[in-house]
Amino acid sequence: MTDRRAPRTATLRALALASVLLACGCASHPPEPIESLPAIAARVRSAPAALPLTVAVAPVQRGATPTGDPSREGEAAAYVDVDAAALTGQLVAVLRKLHVFEKVVTVPADRALDRAFAQHADLLLTLRIDRAVARFAGLNGGLYAINWLNWFMFWFPSWWVADERYALELEATLEVVGVRSEQALLTRTVRAEVERSLDDLDRGLTFLGLPYVPGALDDKNLQEAASVLAPYVRNRVVAGVVERIDRDLRPLVASGEAARRDATEFALLVGVSRYRHYALHNVRFAAADAQLLRMALLDARRSPRVPPRNVALRIDERATAASIEAALQDWIERARPVDCLVVYFAGYAAPGPDGDVWLLPYDHDPETGAPVLSVRELSRRLAKARAGEVVVLVDAGLGGGAAGRSFGVRDGAAGADWESAWTEAQGRRRVLAAACGPGEGAYEVEDAGHGLFTFHLVQALREDAKAGWAAVLRAAGEAVRRHAALEGVEQGPRRYGRLVPEAADGGEDEPR
């Protein structure tokens, strides 16, 4: 007699096997704390001090779409998209959580350097995804073989068994740029890979499933698999970024090399050709002088490099006392001991009281004697500035009337000269370079359309883009004297104070 219980028993056993497979082989993807990664765990234990810098993090960008076959020996593989916004958020969160930098801010991708500069950031950190590949990495051993029975007997329960392995590989370029100079301080490649067991639903269902994998897999399946693996690979990319900052950037910061590479110049250029008050006649070429010097400072051949945002140009109606003061204060606060601060003025100068010299802004009123830019006060403020080097250039005169860019002599102003005004900053790597000496005018060159001093100053800058300011001022001074003699006028540039290169080479200041 046939035992009817046998098929039922076989079915129950198969169901039991399917249940065991579902219980033991079902894919599980729990969150992975980044602190569980060895590199991050070691960092948490050592707890290094935060780098004393503000870093701006730009959104992670995708590079150009890679070309070529991403597979290895014919395996199923495809280039995939990775959520750049999620990677950006995780990177920022981890940098803050681990106190990698003293302060972390975010900036949009558009004009990222400008936005970082506006937030007074020291560094801009960017990450570009160059390559992201998802691939079928093989079958999950015993689960795959047993799952055949599950598929044959019940079909759809086999979808939940993680009998396939997939990998996600990501390659990105990390770049850290000095915001002030726009120079790259660190460029590194970051690679990360993760491999995990997935079930049919994780990588996107193929209708018949098991027998047709990996042959039936398409790019959509691999993109689905990449989405499941992405949180794990993001952790490893962020860990790689932190590791490279600690290993490669931290020593540069500690040694001062990062600051030296990021050295730059901050320049405030003032040129007043037109004044608000009718009593102040036009200074024909003063505004053009400031614009000419700006172009020379931005010459790409110059060292250190000067980005356009580091040059504040104030000409004519924009050259009010308040506007000049705001720009000057901004540069004083930003310039560091590795930087040079350049202040340039072209327009009228006038003798002030007690030996001071006044530089006249656009809104100067001769009837009230205000506002003015006091050279003595400028000397006092620049003496205290953090900038390692300060160069003040004045293409204005203390004689020769309007033709010599000088205006009036007030009561009590007798004896005013550059040297007596530039007292506070003497001997502190601060130099005042005036277009002429006391009683002389700062004349203009009709054919060139510029002030004599500025014209030769720019010529000297262009002749040797690598020359320091000491050499530039020396060459310009000699050229001005020769040119003035040919024009039949008295104009001899003067320098007050010294820069370190001058002391080293034994060069003397221009005669006073």
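The values are calculated or read from the model by the stated rules, or taken from the named source; none is laboratory data. Because the structure is predicted, anything quoted here is derived from the model rather than measured. Glycine gets a Cβ as well: all are built from the backbone with ideal geometry, and neighbour counts include every protein chain shown.
Within segment 175-187, residues that are over 18 Å from D246 (Cβ atoms) sit with their Cβ atoms under 7 Å from residues that are in a loop (DSSP other than H, G, I, E, B) and among the small types (G, A, S), at 6+ positions apart or across chains, in these pairs: V179/A121; S181/A263. Among the residues of segment 352-372, which ones are surrounded by fewer than 24 Cβ atoms within 10 Å (Cβ to Cβ) and assigned to a strand (DSSP E or B)? Answer for segment 352-372, where residues must be surrounded by fewer than 24 Cβ atoms within 10 Å (Cβ to Cβ) and assigned to a strand (DSSP E or B): D365, A370.
Could you grab me the full set of residues in segment 41-74 that are farther than 30 Å from Q119 by Cα and at pLDDT 90 or above? Once the filter is applied, which keeps residues that are farther than 30 Å from Q119 by Cα and at pLDDT 90 or above, segment 41-74 yields A41, A42, R45, S46.
Restricting attention to segment 218-226, does a residue exist that is closer than 26 Å to P38 by Cβ and at pLDDT below 95? Yes, segment 218-226 contains a residue that is closer than 26 Å to P38 by Cβ and at pLDDT below 95.
Under the condition of being surrounded by fewer than 14 Cβ atoms within 10 Å (Cβ to Cβ) and acidic (D, E), which residue from segment 82-111 is farthest from the chain's Cα centre (by Cα)? Once the filter is applied, the top-ranked residue is E102.
Being surrounded by fewer than 21 Cβ atoms within 10 Å (Cβ to Cβ) and either of a type in the set (S, T, Y) or part of a helix (DSSP H, G or I) (or both) is the filter here; which residues of segment 444-459 pass it?
Q459
Scanning segment 384-402 for residues that are crowded, with 24+ Cβ neighbours inside 10 Å and either part of a loop (DSSP other than H, G, I, E, B) or outside the structural domain of V458 (by TED's automatic domain parsing) (or both) gives A396, G397, L398.
So how many residues does segment 269-298 have that are in contact with a Lys or Arg (Cβ under 7 Å, 6 or more places away or on another chain) and touching a residue at least 60 places away in the same chain (Cβ under 8 Å)?
Going through segment 269-298 one residue at a time, the tally reaches 5.
Filter segment 20-40 for residues that are in contact with a helix residue (DSSP H, G or I) (Cβ under 9 Å, 6 or more places away or on another chain), surrounded by fewer than 12 Cβ atoms within 10 Å (Cβ to Cβ) and modelled with pLDDT under 55 and give the result. Listed by number, the list holds a single entry, C24. Answer yes if at least one residue in segment 233-243 is in the same structural domain as L53 (by TED's automatic domain parsing), more than 24 Å from A50 (Cβ to Cβ) and either modelled with pLDDT of 90 or more or surrounded by 15 or more Cβ atoms within 10 Å (Cβ to Cβ) (or both), and no otherwise. For segment 233-243, residues in the same structural domain as L53 (by TED's automatic domain parsing), more than 24 Å from A50 (Cβ to Cβ) and either modelled with pLDDT of 90 or more or surrounded by 15 or more Cβ atoms within 10 Å (Cβ to Cβ) (or both): present.
So, of the residues in segment 245-287 that are of a type in the set (A, V, I, L, M) and assigned to a strand (DSSP E or B), which turns out to be farthest from S303 (Cα to Cα)?
For segment 245-287, the residue satisfying everything is V270.
Annotation: of all residues in segment 331-348 being under 28 Å from E444 (Cα atoms) and of a type in the set (G, A, S), the one that is surrounded by the fewest Cβ atoms within 10 Å (Cβ to Cβ) is G347. Scanning segment 464-479 for residues that are under 29 Å from the mean Cα position of the chain (by Cα) and either part of a helix (DSSP H, G or I) or of a type in the set (A, V, I, L, M) (or both) yields A465, A467, W469, A470, V472.
Selection of segment 314-328 for residues being surrounded by 17 or more Cβ atoms within 10 Å (Cβ to Cβ) and of a type in the set (G, A, S) yields A319, A321, S323, A327.
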